[in-house]
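**Q** Below are the structure tokens for one structure; questions will follow.
The values are calculated or read from the model by the stated rules, or taken from the named source; none is laboratory data. Since the model is a prediction, treat every value here as computed from it, not as a measurement. We place every Cβ from the backbone using ideal geometry, glycine too, and count neighbours over all the protein chains shown. When the accessible area is computed, the model is the full protein with side chains, heavy atoms only, and any ligands, DNA or RNA have been set aside. Shrake-Rupley method; radii C 1.70, N 1.55, O 1.52, S 1.80 Å.
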Amino acid sequence: MPTLPLARRSAEGAALTTLLILVCVAGLAAPALAQGRDSTRRDTVRAGVPEAAPGTLSRLVALEVADLYNAPQTQRVSGAYQLAAGGQLTGNLAVLGGPVTIAGHVTGRVIVVNADVTLAPTARIDGDLYVVGGQVTGRDDAYVGGEIRIYREPLGYRMDGERLVATVDADAREEPSDEDVRWWQRWYARDRRNFSNLTLSSAHTYNRVEGLPIYFGPVLRRDLPWGRLNVEAVGILRTADNVHWDSENIGHRAKAEVQLGDQAALVLGGRLYDVVDAVEPWQLPSAEVGLASFFLHRDYRDYFDRHGGAGYVGVRAGPDASFTVSLADERWGSRAVRDPFTLFRNEQGWRANPQMDDGRFHVANATLRLDTRNDVDRPWAGWYLVADYERGTGRVTSFGPRTLPGGVFVPLTLAATPAPVTYSRGFLDLRRYNRIAPGAQLNLRAVVAGWIGGDPLPLERRLSLGGAGSLPGYDFRHFAPGPDVLTCSGSPAVAPLGVPAQCDRVALAQIEYRGDLHFSTSSSDYRVADDDEATAADNAGRRRHERWRFHWRTDGNWVVFTDAGRGWMVGPRLGQTTYERDQFPALGTFRTDVGVGLDFDPVGVYVAKAVSDAKEPANFFVRVRKRF
């Protein structure tokens, strides 16, 4: 369950310095600390082996691993395996399943299939170490004489007697062979990169203005000699108000895209759409927002209607980098709460969806994305960067209510005079993941975003902080004592209905330290004896006994984190809420928090405490996947 503040408990904490933000910003500029060899990057493959489709294992790698597993003179083990310190295994070792712990000496190579491997500092492997469908802990402290190859994607297989037969066809450029896969696998994988079908899916997040949007329509994808073609045309049926058939519950989305090239490619495309979009999608993933809305009646976003079309051109340099320029002609409109069903607290009312600035806009964007993380879902090394510049020009026909600098509330009736608007806005999200020890990470993130020039930003482009996605020590849309530097709405007495995001600019820094955490109900004491009198039959009997022994183990992380951030408005200097366009707020005005948590991928439980406001209660929350 995502970002679900299930309870709030009061707690007193000592005041911490806001210089934490300086540490984070400095850390982002620093190189990786004590980085080990990054052999688990998602695009790392052996020379000469074709790269597989994302999330799959190359066919050639799968066949090679199967051959190594089946090689003569290789001792094979199924299930948990442990080679204690001082123990020695002569020859090659292949383990199917696991987990695997090696503290002794293996004179040959080690092949591990679909399991994690832990190497003690006393471990010695004279040959290669191949791990498929798992990860390796402790490789920097152990000795491996040969090559280390790690593939996070699991191996699909079947057993033919004692032989392991790979059944995965993950090489996108090859057809599966009859002897390697069953008939239904051949049917499913017959032409995965070229298909056309009729889709029926829930491809958006459950929310308080749509319920669950259902997408239905044809989708076409074709690989061609010169590149790729993607076409889709889907209708949208929103399930709010008992799926009532009206203009509020009907939308559409269509796209046509041509990609010229493969890894390095030029992309041309266009879109037509009538969708409900989020005001601030950057703080929390859509899946987490949807789960929180459906289960606990809490929606952590605001929404507006987006109707129009866009064209775009982009350059992609493999999976790690892209640069896209787009131009759109759109109509923006406000959306009202529709009271969709929730599993719990269904009798409660929803927070109002704020009134937005309605009008027609021409919006141009230039977006740069860089992603060198070793793993998208569980990164421990690499950079992630999203930088976007937006320029919008149009005419607002109806302004939403807002709070002006100084806490002056302007109602909708006094802000309804149509007016032309031209603005520019920037957004930068920079993250660095550092593996500083075999079982420890130091991860850093900085977000700086907001108004650059022109007229004030429309409400659809304003910003805020607070909640599990940014400053979890402060509840979402919460008014802390003192100046409102989280939503820039002034105070509860003057804030517009729904408390919209109203900050012109925000700055946020986050630091977290992660360490490995292991739980196990039993530990395997099996090892191959180095006594000359131990026979192969004895060892085989021990393996059969160990195979049926119950063993449960899970890995996780303990997490310690701190965050610092605030928002502000741009204008003539006014206290701590408004600053000139070339000014940056003093670090002493930033809100800060600290917290701890346990992350059992994909679910983590955390508690955070605001330290810049000692009287604020602690927040308990749940996240799906990592905090950032």
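**Q** Across region 59-83, which residue is farthest from Val136 (Cα to Cα) among those that are in a loop (DSSP other than H, G, I, E, B) and touching a helix residue (DSSP H, G or I) at 6+ places or on another chain (Cβ under 8 Å)?
**A** Step one: list which residues in region 59-83 are in a loop (DSSP other than H, G, I, E, B), which gives 71-73, 79-80.
Filter once more, so that each one left must be touching a helix residue (DSSP H, G or I) at 6+ places or on another chain (Cβ under 8 Å): 79-80.
Numbers: Gly79: 17, Ala80: 15 Å.
Once the filter is applied, the top-ranked residue is Gly79.
**Q** Here is a follow-up. Tell me the residue from Gly127, Gly86, Gly108, Gly98 that is modelled with pLDDT of 90 or more and assigned to a loop (DSSP other than H, G, I, E, B), please. First the steps, then the outcome.
**A** On the way: Gly127 fails: modelled with pLDDT of 90 or more; Gly86 fails: modelled with pLDDT of 90 or more; Gly98 fails: modelled with pLDDT of 90 or more.
Within the list Gly127, Gly86, Gly108, Gly98, the selection yields Gly108.
**Q** So which residues in region 109-132 are among the small types (Gly, Ala, Ser) and either in contact (Cβ under 8 Å) with a residue 60 or more places away in the chain or surrounded by fewer than 21 Cβ atoms within 10 Å (Cβ to Cβ) (or both), if there are any at all?
**A** Keep residues of region 109-132 that are among the small types (Gly, Ala, Ser), which gives 115, 120, 123, 127.
Within region 109-132, Ala115, Ala120, Gly127 qualify.
**Q** Also, quick follow-up: Can you list residue pairs whose Cβ atoms sit under 7 Å apart, with the first residue in region 329-348 being free of Cβ contacts under 8 Å to residues at least 60 places away in the same chain and assigned to a strand (DSSP E or B) and the second being open to solvent by less than 50 Å² (accessible area, probe 1.4 Å) and among the charged types (D, E, K, R)? Count only pairs 6 or more apart in sequence or on different chains.
**A** The qualifying pairs are Glu330/Arg306; Gly333/Asp305; Gly333/Asp358.
**Q** Looking only at region 138-173, how many residues end up being surrounded by 14 or more Cβ atoms within 10 Å (Cβ to Cβ) and at pLDDT below 50?
**A** Of the residues in region 138-173, 4 are surrounded by 14 or more Cβ atoms within 10 Å (Cβ to Cβ) and at pLDDT below 50.
Each row is one residue, and each column tells you yes or no for (1) touching a Phe, Trp or Tyr at 6+ places or on another chain (Cβ under 6 Å); (2) at pLDDT below 95; (3) not β-branched (Val, Ile, Thr).
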position	(1), (2), (3)
Arg547	no, yes, yes
Thr554	yes, yes, no
Gly567	no, no, yes
Thr578	no, yes, no
Phe590	no, no, yes
Ala608	no, no, yes
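**Q** So, of the residues in region 308-341 that are aromatic (Phe, Trp, Tyr) and open to solvent by 50 Å² or more (accessible area, probe 1.4 Å), which turns out to be farthest from the chain's Cα centre (by Cα)? Walk me through it before giving the result.
**A** Restricting attention to region 308-341, the residues satisfying the condition of being aromatic (Phe, Trp, Tyr) are 312, 323, 332, 341.
Cutting the leftovers down to open to solvent by 50 Å² or more (accessible area, probe 1.4 Å) gives us 323, 341.
On the way: Phe323: 20, Phe341: 27 Å.
So the residue we want is Phe341.
**Q** If you go through region 462-482 one residue at a time, do you hit one that is touching a Cys at 6+ places or on another chain (Cβ under 7 Å) and under 16 Å from Leu428 (Cβ atoms)?
**A** First pass over region 462-482, keeping only residues touching a Cys at 6+ places or on another chain (Cβ under 7 Å): 462-464.
Applying the additional criterion that residues be under 16 Å from Leu428 (Cβ atoms) yields 463.
Yes, that holds for at least one residue.
**Q** Return the pairs, sorted by first residue and then second, in which the second residue is basic (Lys, Arg), the first residue lies in region 68-83 and is open to solvent by 50 Å² or more (accessible area, probe 1.4 Å), the beta carbons are less than 8 Å apart, and the residues are 6+ apart or on different chains.
**A** Gln82/Arg527
**Q** Show the residue pairs meeting these rules: Cβ distance below 8 Å; 6+ apart or different chains; first residue within region 137-154 and free of Cβ contacts under 8 Å to residues at least 12 places away in the same chain; second residue open to solvent by 40 Å² or more (accessible area, probe 1.4 Å).
**A** none
**Q** Pick from Asn365, Asn353: which is over 30 Å from Arg435 (Cβ atoms), part of a loop (DSSP other than H, G, I, E, B) and at pLDDT 95 or above?
**A** Numbers: Asn365 fails: part of a loop (DSSP other than H, G, I, E, B).
The conditions single out Asn353.
**Q** Find all pairs meeting these conditions: Cβ atoms under 6 angstrom apart; at least six residues apart or on different chains; first residue within region 584-610 and over 23 Å from Leu291 (Cα atoms) and open to solvent by 60 Å² or more (accessible area, probe 1.4 Å); second residue modelled with pLDDT under 95 and not in a strand (DSSP E or B).
**A** Between residues of region 584-610 that are over 23 Å from Leu291 (Cα atoms) and open to solvent by 60 Å² or more (accessible area, probe 1.4 Å) and residues that are modelled with pLDDT under 95 and not in a strand (DSSP E or B), the close pairs are Gly588/Thr18.
**Q** Another one. Please tell me if Gly473 is touching a residue at least 40 places away in the same chain (Cβ under 8 Å) and in contact with an Asp or Glu (Cβ under 7 Å, 6 or more places away or on another chain). Talk me through it step by step, then tell me what you get.
**A** On the way: touching a residue at least 40 places away in the same chain (Cβ under 8 Å): yes; in contact with an Asp or Glu (Cβ under 7 Å, 6 or more places away or on another chain): yes.
When the stated conditions are applied, Gly473 passes them.
**Q** So, in region 456-467, exactly how many residues are at pLDDT 95 or above, in a loop (DSSP other than H, G, I, E, B) and not small (Gly, Ala, Ser)?
**A** 4
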